[in-house]
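The values are calculated or read from the model by the stated rules, or taken from the named source; none is laboratory data. Since this is a predicted model, take the numbers as computed values, not measurements. Backbone-built Cβ (ideal geometry, glycine too); neighbour counts: all protein chains shown.
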């Protein structure tokens, strides 16, 4: 068992233990039965499963692109709502215009609007910037809306106004979140392999320098440190691009990468939104890697406990069959329980 464990990386120890725990069950199986030969259909499915991560990722990209076009077409019918929104802004602009001193702007004429009156246009632009429209008017707007939905960020800077758009959102998000989680689950394993490969390169360089005992592997602690460093670097990049104050960038980075998305700070353009989404996708992959490591560590300890119980059980059954007393070496509570069972057997 120990020789087997030495030949495999730490993150796969639990798989080796699964093969050794409760081995007495294997003896009860009828080994005379042979497995039926797989059909061609099953062979084809087995080959396809090797590329399930790539297939799921491509399908997610197509799902995002199709969803963006779908919401763009649905919400383009809400242009009447957008025109109404513009009319409300123009009315507010005219009220503010009338409150200005006559020396700064000429008297407002009934035919004046935001296009032929410079003062009115400035007021209109200021109101538009302070309270931007949340309508999905272009394909890029639809793409930004879809990404904030399936990643569960939900900034709130783009929303659906039509009933059809709202109902489609419910169905689209349910499928999209499930697909995103599936892709991220496999991306976490890929990220773990990449990190272990990078650490292996570092370990080989250290061994070349003279330290032959070094063996660096990704652990839960290292993964948390890597995730924290990525958050800080992401905040620095966002601060330089979006011209945020550094502490605002830290706050925005955390609210985005943790998928909270308060909405008080949002990307100012579609380009910055695409960059932030890319960083967010990498962050989610790293977070998935942390979960994979935590799961493997817990399973590793659990299988180790089962292995100890299995060894104790086999020693005890051997004692009962041979009628000899052995010194059980199972540690902790398992040893005490087995000692008590042996003593009770001897007294009887």
- Note on the structure: Just one listed residue, out of 294, 290, 266, is touching a helix residue (DSSP H, G or I) at 6+ places or on another chain (Cβ under 9 Å) and surrounded by fewer than 14 Cβ atoms within 10 Å (Cβ to Cβ), and it is 294
- Is one or more of the residues making up region 190-200 modelled with pLDDT under 80, in a helix (DSSP H, G or I) and more than 23 Å from residue 262 (Cβ to Cβ)? no
- Boolean, residue 261 is buried (at least 17 other Cβ atoms within 10 Å of the Cβ) and touching a residue at least 40 places away in the same chain (Cβ under 8 Å): yes
- Any chance you could count how many residues in region 156-183 are modelled with pLDDT under 80 and either part of a helix (DSSP H, G or I) or surrounded by fewer than 13 Cβ atoms within 10 Å (Cβ to Cβ) (or both)? 0
- Could you identify the single residue in 274, 239 that is assigned to a helix (DSSP H, G or I) and either farther than 30 Å from residue 186 by Cβ or in contact with a strand residue (DSSP E or B) (Cβ under 6 Å, 6 or more places away or on another chain) (or both)? 239
- First in region 224-242 and in contact (Cβ under 8 Å) with a residue 60 or more places away in the chain and assigned by TED's automatic domain parsing to the domain that holds residue 258, second anywhere and crowded, with 16+ Cβ neighbours inside 10 Å and assigned to a helix (DSSP H, G or I), Cβ under 8 Å, 6 or more apart: 224/290; 226/195; 226/286; 227/283; 227/286; 227/287; 227/290
- Query: What number of residues in region 43-88 are in contact with a helix residue (DSSP H, G or I) (Cβ under 6 Å, 6 or more places away or on another chain) and at pLDDT below 70?
  - Reply: 0
